[in-house]
Structures are given as C-alpha cells and as structure tokens.
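Quick notes on the structure that follows.
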Amino acid sequence: MRKIYRPEHIRYLNTGSGIVLLGCAVYLAFAAKTGRGIPCIFYRFLGIKCPGCGMTRAAVSIARGDLKAAAGYNIMSVTVMPALFVYLVYRMIREEWYDNKDVEVWEYVFFLLIFLTTVVYTVLRNFI
C-alpha cells in the first residue's frame with residue numbers, strides 16, 4: 001500500500017518554503033521602499049539584458065496590483081513565472097501527498113517550452 005501523507009516531509013517543506021517566502025518579502029519590501037534592487041551583472045558587463053532584468057521591479061508592481069507595469073518591466077513576470085509557480089505547486093502536491101516522484105513526458109516538454117520562450121524573449125528584447 002502506498003503512503004499518501006508524510007507529515008515529517010511536509011513540515012520540512014513548509015519550513016523551507018516559509019523561509020524563502022520571508023526572504024523574498026523582505027527583499028521586495030526593501031526594493032519597494034528604496035527603489036533599489038540587485039544590479040544585473042550580465043547587463044553591467046555585456047551591455048545586454050538578461051531574461052531576469054526588470055524582474056524585481058515587476059515583482060514590486062505585481063505586489064501593488066499593477067500587472068501592466070509588471071509586464072512593461074519584464075513580460076515573463078506575468079506569463080512564465082505564474083506557469084512555473086502553478087507547476088511547482090502541482091509537483092509539491094504530487095510528490096508529498098501521493099508519493100509520486102516520477103517525471104512525465106509533458107513535464108519535459110513544458111520545461112523545453114519555457115527554455116525556448118526565455119531564449120526567444122532574450123533575443124527579441126536585446127536585438128530586435
């Protein structure tokens with residue numbers, strides 16, 4: 001019989017997720033208050049925007065409820081990031097509640113599409 005619920009793993013997962021979310025909240029509050037974020041090393045040395053450039057400003061805009069501004073800073077903040085969030089919640093539920101760690105074909109296709117979208121977006125925002 002398969003084990004459906006493992007409370008010790010969920011406790012660790014919740015603690016780790018809580019720490020990460022707290023760190024993100026503190027960083028976003030700092031960025032929103034000061035208007036400063038982590039500078040992009042990629043942009044500084046190469047002069048082109050990486051796929052994550054503008055993501056801090058986009059996250060602050062999302063927290064304020066301004067999706068249009070968020071899309072202006074980085075379109076992936078309102079397209080790719082929500083899709084990845086939904087996928088991670090799906091994986092957490094499937095792995096922790098149903099003890100199913102198998103990776104299905106559609107998941108490989110999903111990440112290939114995310115990768116290709118990121119590459120195309122980076123090329124378009126810098127060279128076209």
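At-a-glance table
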{"read-out": "Point-charge dipole on Cβ atoms (K/R +1, D/E -1) for the chain, about Cα centre, debye to 20", "value": "480"}
{"read-out": "Extension gain from Ala25 to Phe115, taking 0.36 nm per residue of separation minus the Cα-Cα distance", "value": "29.7 nm"}
{"read-out": "Residue-averaged [θ]222 nm for the chain, counting only DSSP H segments that reach four residues, each worth -39500 (n - 2.57)", "value": "-23500 deg cm²/dmol"}
{"read-out": "Angle in degrees between helix 80-97 and the longest Cα principal axis of the chain, rounded to the nearest 10", "value": "10"}
{"read-out": "Cα-projected label distance for Arg91 with Ile48, points at 7 Å along beta-carbon direction, nm", "value": "2.7"}
{"read-out": "Stokes-Einstein D (µm²/s) once Rh is taken as the Kirkwood radius of the chain over alpha-carbon pairs, at 37 °C in 0.692 mPa s", "value": "193"}
{"read-out": "Contact order normalised by residue count of the chain, Cα under 8 Å, 6+ apart, percent", "value": "30"}
{"read-out": "Tilt relative to the chain, helix 7-34 - C-alpha long axis, 0 to 90 degrees, to 10", "value": "10"}
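Readers should treat all values here as calculations from the given coordinates under stated rules, not as data from a laboratory. As the structure is a prediction and not an experimental result, all values here were calculated from the model. Heads up, the Cβs are rebuilt from the backbone with ideal geometry, glycines too, and the neighbour counts pull from every protein chain shown.
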